[in-house]
Every structure is written in C-alpha cells, then in structure tokens.
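Encoded as structure tokens, the structure appears first; notes follow it.
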Amino acid sequence: HVEYNKLLSRHGAPRTDAYVPSLPSAVPLDCKDVTTYKKSISDLKILHEQYRTMTLPTLELSSLYDSSLWRFTNKHQIENSFVASSQQLVQTQRQKVDVINAKRKRWQEEEVGVKLQRLEGKWVEGVVKLERLGVAEEKMRVEVEKWR
C-alpha cells in the first residue's frame, strides 16, 4: 500500500528516484573488431535485463492494484525512457548509413564515371579506326580489281 499511496500523492507524475539505465555507445559501422561487437551485444543484454528487473515490480504492482493512473504513468515512463532513447539510436544509425551511401555514390560518380567516360572514348576511337580500315580495304580491293 505504501507504493500505491506514493503514486497517488504524485498525481501520476513519474518517480524521481527511479534508476533509468542509459544506452551504451553505438559501435561504429566501419569497426572490424568482432570483440567490440560481442561486447556491445553483451552490454545490451545486461541493459535489457536491468530494465526488465526494474519494470517487473512495477508491473506486479500494476496488476495488484489495477489502477488506470498507475498504468498511465508506467506507459509514459517506458515511452520516455527506453523508446525515446532507442529511436534516437536508430536515427543516428540511419544518418551514418546515409553518409556512407552518399560517399559511395560520390565515389561512383567521380572516379568510376570518369574511368567509364575514358574507356568509352577509347572504344569510340577503336570503332572509328575499324570503320576507316574497312573503307580503306574496300578502296584497295577496287584498285586491285582495276589492275587485273
């Protein structure tokens, strides 16, 4: 009953003494170290377990008292603490992916595009030379036929 009375006295405001775990820093996309990824996964598992054990008593109290005020407060605590930080992390990762894609596109347009244009020019030169050779061969054939 003590926790329920505290909830009523806060009028639905979130607890100020609650521990909210912070997300570990993201692993860079260009990181090639497998141990870094394994440590990151391990840290996230630990964070998930901390969060689960932190919210389990809250959920038990909610089921015990079944207060709509309690459910409302609990819903907003979860949204504001975990979902918002997860969305921030996802947005950051998307921005990093966009930067990498932009670099790739720029590389394709600047380096590969220039190389393709140079090779296309060589190909056109080859076709023109081949055409000239064909014309010259035909002229020589005509001249040879005249001399016979």
Given the protein chains as shown and a 1.4 Å probe, how many square angstrom of residue 92 are accessible, to the nearest 10? 50
Kindly flag which residue pairs out of 39/96; 115/139; 32/103; 38/115 have an alpha-carbon separation exceeding 30 Å in this structure. 115/139; 38/115
Calculate one ³J(HN,Hα) per residue across the range 132-140 by plugging θ = phi - 60° into the Karplus curve 6.51 cos²θ - 1.76 cosθ + 1.60, and present them in order as whole Hz with x for glycine and proline. 4, 4, x, 5, 5, 4, 5, 4, 5
Rounded to whole Hz, the Karplus (6.51, -1.76, 1.60) HN-Hα couplings of the range 85-102, x for glycine and proline: 5, 5, 5, 4, 5, 4, 4, 4, 5, 4, 5, 5, 5, 4, 5, 5, 4, 5
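Skip the ligands, DNA and RNA, and give the accessible area per residue of the range 98-141 with a 1.4 Å probe, whole Å².
Numbers: 4310 Å² over 44 residues.
That works out to 98 Å² for each residue.
The values are calculated or read from the model by the stated rules, or taken from the named source; none is laboratory data. Model, not experiment: these values are computed from the prediction. Protein only, heavy atoms only, side chains kept; ligands, DNA and RNA dropped before computing areas. Shrake-Rupley method; radii C 1.70, N 1.55, O 1.52, S 1.80 Å.
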